[in-house]
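Student: One structure follows; several queries about it will come next.
The values are calculated or read from the model by the stated rules, or taken from the named source; none is laboratory data. Computed from a predicted structure; not experimentally measured. Here the Cβ positions follow ideal geometry from the backbone for every residue, glycine too, while neighbour counts run over all protein chains shown. When the accessible area is computed, the model is the full protein with side chains, heavy atoms only, and any ligands, DNA or RNA have been set aside. Shrake-Rupley method; radii C 1.70, N 1.55, O 1.52, S 1.80 Å.
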Amino acid sequence: MEPIENQPTLTLNNGVSMPALGLGVFQSPPEETAAAVATALGIGYRHIDTAAAYGNEREVGEGLRRAGVDRGDVFLETKVWVSDYGYDETLHAYEKAAAKLGVDQLDLLILHQPAPDRFERTVAAYKALETLLADGRVRAIGVSNFMPHHLDRLLAETEIVPAVNQIELHPYFTQPEVRRADAEHGILDQAWSPIGGITFYPGWGEQRRSVMEDDTLLEIAAQHERSAAQVMLRWHLQQGRSAIPKSTDPGRIRQNFEVFDFALSSEELARIDALDRGVRNGPDPDVARPERFDMPIPEA
Ligand code: NAP
């Protein structure tokens with residue numbers, strides 16, 4: 001099958017260009033990750049989002065090599081886990097990630113989340129990202145799950161404004177305050193669970209309603225002869241965000257990239273905006289989870 005062309009790119013606040021849509025690999029089993037990455041790159045994806053904490057950076061690197069795409073044509077993003085926060089620890093976390101991925105430069109390295117019980121280590125970790133950026137070992141740096149007050153604290157103590165804030169963002173949780181703060185600082189929003197994955201993770205609470213089955217989204221999808229997932233991805237792209245949908249299924253990986261040839265009207269975008277419930281599905285970034293935070297990240 002022919003690769004899909006004409007994907008949109010976004011320019012980060014330091015001038016680096018990033019493909020707007022990437023493949024996410026959270027919960028992609030290691031044994032399926034290399035295949036998913038190679039499939040995505042074959043379809044035309046040029047941006048992959050992984051994390052030290054996902055335990056599949058090595059397989060992402062394998063998928064990259066298997067696809068035979070030039071390294072320089074792919075935007076690789078990964079995250080430092082909390083147990084590696086601290087200046088020296090985060091410099092070493094870069095070494096671990098680069099070695100597992102099999103590359104000598106990362107396109108975007110971000111802090112996975114603020115650690116409220118050790119914020120000074122979070123700041124020290126960010127200072128290490130600044131060093132890695134200055135040394136050319138990463139092309140851009142950023143954060144994830146930062147709320148406005150976390151950003152304020154970080155910006156007061158560091159030099160470089162993050163390029164990206166990766167946050168939970170789907171029609172049921174649109175985070176207007178975080179997006180406003182990001183925009184004020186010139187930080188790009190990147191949506192995790194962009195098609196609402198967290199509203200239907202297996203075993204994640206049976207009372208949750210999957211955004212994928214929302215009546216309004218299904219109605220808009222039917223009008224465009226697309227899926228609810230495709231409508232959500234269009235909604236992100238048309239509002240200037242990056243999104244990183246996860247799939248290990250070749251058909252759905254392709255479907256999630258077939259979104260550059262239709263457009264939602266402003267009325268449709270507003271109807272989707274109005275679905276916001278203001279209720280977070282993921283962990284509260286203000287709550288420390290020491291047991292989870294202390295999970296060690298293995299050496300390469
Ligand atoms: P998501 O991408 O919104 O949804 C993924 C789920 O949707 C999977 O169950 C997938 O199953 C299914 N799916 C994918 N495409 C579909 C389609 N076209 N139709 C129907 N179902 C579809 O959720 P996510 O994995 O939570 O988020 C995406 C990425 O964001 C992650 O992979 C990770 O890279 C990142 N993330 C970051 C954080 C953070 O704290 N920074 C937290 C969570 C996620 P199949 O694989 O079976 O298709």
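Student: Kindly indicate whether N165 is surrounded by 20 or more Cβ atoms within 10 Å (Cβ to Cβ) and in contact with a helix residue (DSSP H, G or I) (Cβ under 7 Å, 6 or more places away or on another chain).
Tutor: Taking the combined requirement at face value, the residue satisfies it.
Student: Of everything in region 204-258 that's of a type in the set (V, I, T) and within 23 Å of Y45 (Cβ to Cβ), which residue is farthest from the ligand (Cβ to nearest atom)?
Tutor: My answer is V231.
Quick grid of which residues meet (1) assigned to a helix (DSSP H, G or I); (2) within 13 Å of R254 (Cα to Cα); (3) without any contact (Cβ under 8 Å) to a residue 12 or more places away in the chain; (4) open to solvent by less than 30 Å² (accessible area, probe 1.4 Å):
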{"position": "N6", "(1), (2), (3), (4)": "no, no, no, no"}
{"position": "N13", "(1), (2), (3), (4)": "no, no, no, no"}
{"position": "M18", "(1), (2), (3), (4)": "no, no, no, yes"}
{"position": "S28", "(1), (2), (3), (4)": "no, no, no, yes"}
{"position": "T33", "(1), (2), (3), (4)": "yes, no, no, yes"}
{"position": "T39", "(1), (2), (3), (4)": "yes, yes, no, no"}
{"position": "I48", "(1), (2), (3), (4)": "no, no, no, yes"}
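Student: Condition first: within 15 Å of the chain's Cα centre (by Cα) and of a type outside the set (S, T, N, Q). Now tell me which residues in region 14-36 satisfy that.
Tutor: Filtering region 14-36 down to residues within 15 Å of the chain's Cα centre (by Cα) leaves 18-28.
Residues satisfying the conditions are M18, P19, A20, L21, G22, L23, G24, V25, F26.
Student: For the condition open to solvent by less than 50 Å² (accessible area, probe 1.4 Å) and at pLDDT below 95, what is the one hit in Y172, Y201, Y126? Reasoning before the result, please.
Tutor: Values: Y172 fails: at pLDDT below 95; Y126 fails: at pLDDT below 95.
Going through Y172, Y201, Y126 in turn, the sole match is Y201.
Student: Hey, could you check region 179-198 for residues that are open to solvent by less than 10 Å² (accessible area, probe 1.4 Å) and within 13 Å of the ligand (Cβ to nearest atom) and say which is farthest from R234 (Cα to Cα)?
Tutor: I198
Student: Among the residues of region 56-73, are any in a helix (DSSP H, G or I), open to solvent by 10 Å² or more (accessible area, probe 1.4 Å), in contact (Cβ under 8 Å) with a residue 24 or more places away in the chain and closer than 13 Å to Y126 by Cα? Don't jump to the end; show me each part of the working.
Tutor: From region 56-73, those in a helix (DSSP H, G or I) are 57-67, 71-73; that's our starting set.
If we keep only those that are open to solvent by 10 Å² or more (accessible area, probe 1.4 Å) as well, we get 58-59, 62, 64-67, 71-73.
From what's left, in contact (Cβ under 8 Å) with a residue 24 or more places away in the chain: 58-59, 62, 64-67, 71, 73.
With the extra rule that they be closer than 13 Å to Y126 by Cα, the set shrinks to none.
No, because not a single residue in region 56-73 is in a helix (DSSP H, G or I), open to solvent by 10 Å² or more (accessible area, probe 1.4 Å), in contact (Cβ under 8 Å) with a residue 24 or more places away in the chain and closer than 13 Å to Y126 by Cα.
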